[in-house]
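The values are calculated or read from the model by the stated rules, or taken from the named source; none is laboratory data. Here the structure is a predicted model, which means the values were calculated and not measured. Every residue, glycine among them, receives a Cβ derived from its backbone with ideal geometry; neighbour counts consider all protein chains shown.
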Amino acid sequence: MTGGSDADIVVTALKRDTRLQETPIAISAVSAQTIANSGVQNIADLRSQVPSLSFVDGGPSNRRVVIRGIQATGEPTVGVYYDETPVTGTVGASNDAGGSTPELRLFDVERVEALRGPQGTLYGSGSMGGTLRIIYKKPSYELGADFDGSLSGTQHGGANQEMNGMINVPIVDQKVALRAVGFFKRNSGYIDNTWLRVKDINAEESYGGRVMLRIQPVEQWTIDAAAYYNKSTTDTPTWLLESGKYKTDSRTRQVVRDEVKLYSLTSNYDFGPVIATGVVSYMERNLVSQSDTSRFIQGTNTLAGYNARCFTATGAPNGCTDQFLNPITSFKQYQAFVAGQSTSSLYPQQDLNALTAELRLSSASKGPIHWTVGGFYSRRRTNVANPQLNVNPLNGYVIPTEVDTIRFIYDQLKQVAAFGELSWDLTSRLNITGGVRYFKYTKNVVGHTDVPSILVGARLTPPTYLSSSEDGTVVKANASYKITPDIMFYAEAAQGFRPGGVNQVLGLAQSLTPYRSDSLWNYEAGFKTSWLNHKLIVNLDAFRIDWTNMQVTQRTPNGAFSYIGNAAAARVQGVEFETSIQPVHGLSINGNATYMTAKLTEDQLAANLATASSGRAGDRIPYVPKFTAGVGAQYTWPLFGEVNGLVRGDFSHSSGYYSDFRPSYVYTRYINGYELVNTRIGIEKPNDWGAYIFVNNLFDVLAISRASSSAIGVGLTSVTSARPRTIGLNLRKTF
């Protein structure tokens with residue numbers, strides 16, 4: 001929350017305008033002012049502002065959004081919307097579209113809305129844990145411009161630069177306006193590669209922008225056309241715990257290149273009692289990444305490795321070959337073959353295009369009944385080329401012409417839905433709401449291996465065609481009661497779901513290729529209260545989530561690949577707290593806290609899924625902290641004339657968690673909790689200019705957010721951590 005004025009914030013979470021404190025669901029709104037003053041640049045920076053919001057953070061282009069502990073591989077569990085457009089990650093070779101949520105810059109933002117708990121009736125399959133909505137500022141009929149630039153330095157690294165700009169131009173008075181945004185960011189690295197002898201290897205550069213055109217032919221009809229672009233390049237910001245703080249000795253570069261293009265057209269027509277909204281959007285994404293496989297390949301160059309790959313369990317030759325299909329008939333030949341790939345890298349290239357469309361009607365009358373009905377369609381296609389390439393050992397870059405193996409995957413997901421929600425004010429205090437959504441999805445996957453590799457179990461295979469489909473309904477029931485004009489109690493029961501699919505994993509048994517959708521029931525009750533003429537806001541809710549038929553991550557017997565299956569159930573229970581207060585003029589304090597337990601209630605021991613990584617009843621869901629909290633305080637005071645002073649501090653805390661279900665599993669890691677502090681001090685003339693000195697990660701805390709280990713990494717621990725202490729100067733100007 002953002003201060004005592006939160007009671008007056010208008011949100012559109014229910015597909016219609018409602019005041020934040022009068023919206024009877026668990027929702028947080030982060031204002032444009034809070035986003036700017038707390039230094040929020042991307043959605044991952046919002047974790048300290050919103051209860052129950054967390055991320056499985058692998059760095060840029062590799063983040064999974066989590067709300068209320070609903071965290072798992074596969075399709076997203078949180079719907080992420082930029083304006084009216086849902087976005088999704090690429091599926092990769094392991095069907096993990098939720099693990100690479102695309103991110104657009106949070107500059108020139110109106111607000112961010114975080115809806116906690118399943119939003120299946122209005123927002124569909126990607127919102128079983130909640131929905132995150134980024135609402136950008138729209139073109140206006142006044143000429144204006146903004147500039148925001150920063151220079152900073154990072155401890156253990158170097159200099160950083162960032163520039164953001166906006167211009168708004170009215171073209172035809174009250175009819176046509178254009179708003180354009182551009183941005184550029186270059187961050188120094190702070191991780192040293194001791195093997196390649198490259199310092200600050202994880203430098204990052206990104207640039208892009210967006211253009212919005214608003215056309216208003218008549219007063220009641222608004223058409224918004226928008227185009228968004230974002231391109232980023234970085235070396236993966238992971239380092240090896242065994243190599244030392246901020247150090248890695250990977251044999252290859254681990255470059256990530258991500259390009260996102262998003263186009264949308266939104267039409268709103270106010271018929272008086274009914275508002276008609278139509279949205280069409282199209283997204284393209286090209287994601288290329290590089291990950292070191294050298295240690296795994298080198299580890300196969302043993303007699304045991306030769307026997308496992310070139311002989312059956314009875315000792316008979318199995319016809320193993322090199323990538324050119326030349327027979328390997330001796331251990332000496334095998335050793336030479338492996339040595340030729342001893343420095344290698346996976347180099348998946350993913351091309352995604354997604355089309356979505358929604359048409360809905362919403363009531364606009366001031367009567368006791370409010371309703372929304374609509375239809376939804378989406379089609380997402382992903383082409384994945386997943387080669388393993390040899391790497392130049394001198395500089396760590398791949399050699400495109402030296403292919404050790406390559407596999408192709410074509411993935412398509414189609415969804416259609418019809419939804420409706422009805423809200424009825426039975427009295428001036430009592431409201432009831434019901435909603436339903438019918439959905440149907442079809443998933444088709446084609447895969448083939450064109451260049452085989454016995455080292456990773458990739459046999460030469462013709463195209464395999466797999467598909468799955470399912471339909472069903474989800475429902476929602478909500479009741480709210482205004483005890484006083486400033487105190488509201490609400491209770492809700494709602495379902496959430498996400499689609500199933502099919503695995504295309506090397507060496508996977510046929511019985512394990514399909515997996516079904518999973519679903520949950522969320523039960524919650526809460527209070528929303530305002531005190532002292534809205535200077536103090538206190539909101540509290542408690543929830544319980546029963547998650548069934550979970551989609552879970554399992555590993556192949558050799559530990560090299562992961563796949564998805566259905567097994568077990570989980571329960572998440574928690575309490576969320578939000579407050580904001582303005583105790584004296586100029587001082588605002590906001591805080592939030594969440595305590596929750598997220599555990600399996602059944603063993604993951606379905607007969608066809610039992611592996612060493614299978615969870616047991618009582619195991620905690622990975623990457624879900626029990627306790628998180630955030631506090632922000634800001635004080636402004638007059639200096640001279642219209643110039644004010646400003647000082648702000650933001651504190652966040654996360655308790656520890658596990659990286660996998662079974663604590664005793666060889667690849668499971670425990671990740672310690674941490675606290676982070678950001679500060680800012682400066683002078684400003686409101687709505688004109690500002691100059692600030694900021695320090696992020698004030699105490700230079702080593703805050704590890706993700707740790708992973710696997711057979712590919714030969715058991716070493718790869719970690720992602722918060723950026724070290726960064727000190728900088730931020731300048732702003734409004735024209």
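Looking across VAL80, VAL169, one residue alone is of a type outside the set (Asp, Glu), surrounded by fewer than 21 Cβ atoms within 10 Å (Cβ to Cβ) and closer than 22 Å to VAL211 by Cα. It is VAL169.
Would you confirm whether or not segment 513-531 contains a residue that is among the β-branched types (Val, Ile, Thr), in contact with a Lys or Arg (Cβ under 8 Å, 6 or more places away or on another chain) and surrounded by 15 or more Cβ atoms within 10 Å (Cβ to Cβ)? For segment 513-531, residues among the β-branched types (Val, Ile, Thr), in contact with a Lys or Arg (Cβ under 8 Å, 6 or more places away or on another chain) and surrounded by 15 or more Cβ atoms within 10 Å (Cβ to Cβ): absent. Among the strands (runs of 3 or more DSSP E) confined to segment 663-735, the ones with at least 1 residues that are acidic (Asp, Glu), in contact with a strand residue (DSSP E or B) (Cβ under 8 Å, 6 or more places away or on another chain) and closer than 30 Å to GLN161 by Cβ are located at 674-685. Here the strands (runs of 3 or more DSSP E) wholly within segment 181-257 that include at least 2 residues being in contact (Cβ under 8 Å) with a residue 12 or more places away in the chain, closer than 22 Å to ASP83 by Cβ and more than 21 Å from the chain's Cα centre (by Cα) are 204-218, 221-235. Picking from ILE25, ILE70, which residue would you name as being modelled with pLDDT of 90 or more, over 11 Å from the mean Cα position of the chain (by Cα) and within 28 Å of ILE704 (Cβ to Cβ)? That would be ILE70, the only listed residue that is modelled with pLDDT of 90 or more, over 11 Å from the mean Cα position of the chain (by Cα) and within 28 Å of ILE704 (Cβ to Cβ).
Results for (1) buried (at least 21 other Cβ atoms within 10 Å of the Cβ); (2) at negative phi; (3) within 26 Å of the chain's Cα centre (by Cα); (4) not basic (Lys, Arg), shown as yes or no for each residue.
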position: LEU430; (1), (2), (3), (4): no, yes, no, yes
position: ARG437; (1), (2), (3), (4): yes, yes, yes, no
position: LYS440; (1), (2), (3), (4): no, yes, yes, no
position: THR464; (1), (2), (3), (4): no, yes, no, yes
position: ALA477; (1), (2), (3), (4): no, yes, no, yes
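Selection of segment 499-529 for residues being among the basic types (Lys, Arg) and at pLDDT 90 or above yields only LYS528. Of the residues LEU422, LEU389, LEU394, the single one that is over 30 Å from THR23 (Cα atoms) and either in contact with a Pro (Cβ under 9 Å, 6 or more places away or on another chain) or modelled with pLDDT of 90 or more (or both) is LEU389. Hey, could you check segment 270-307 for residues that are loosely packed, with under 15 Cβ neighbours inside 10 Å and among the hydrophobic types (A, V, I, L, M, F, W, C) and say which is nearest to the chain's Cα centre (by Cα)? Looking at the filtered set, the residue picked out is VAL274.
Pairing residues of segment 77-92 that are touching a residue at least 60 places away in the same chain (Cβ under 8 Å) with residues that are of a type in the set (Lys, Arg), at Cβ distances under 7 Å and at least 6 apart in sequence or on separate chains, gives THR77/ARG498; THR88/ARG380; THR90/ARG285. If you go through segment 547-564 one residue at a time, do you hit one that is of a type outside the set (Asp, Glu), within 16 Å of GLY117 (Cβ to Cβ), modelled with pLDDT of 90 or more and out of contact with any Phe, Trp or Tyr (no Cβ under 7 Å at 6 or more places or on another chain)? Within segment 547-564, one or more residues are of a type outside the set (Asp, Glu), within 16 Å of GLY117 (Cβ to Cβ), modelled with pLDDT of 90 or more and out of contact with any Phe, Trp or Tyr (no Cβ under 7 Å at 6 or more places or on another chain).
Restricting the first member to segment 520-541 and to residues that are over 22 Å from SER588 (Cβ atoms) and touching a residue at least 24 places away in the same chain (Cβ under 8 Å), and the second to residues that are among the hydroxyl-bearing types (Ser, Thr, Tyr) and not in a loop (DSSP other than H, G, I, E, B), the beta-carbon pairs closer than 9 Å and six or more apart or on different chains are LEU520/THR548; TRP521/THR548; GLU524/TYR490; ALA525/TYR490; GLY526/TYR490; ASP541/TYR490. Filtering ARG295, ARG309 for residues that are touching a residue at least 24 places away in the same chain (Cβ under 8 Å), part of a helix (DSSP H, G or I) and farther than 10 Å from LEU455 by Cα leaves a single hit, ARG295.
For residues that are part of a helix (DSSP H, G or I) and of a type in the set (S, T, N, Q), scanning just segment 93-133, find the one that is farthest from PRO622 (Cα to Cα). Result: THR121. Of all positions in segment 659-679, none carries a residue that is touching a Leu at 6+ places or on another chain (Cβ under 7 Å), without any contact (Cβ under 8 Å) to a residue 60 or more places away in the chain and crowded, with 19+ Cβ neighbours inside 10 Å.
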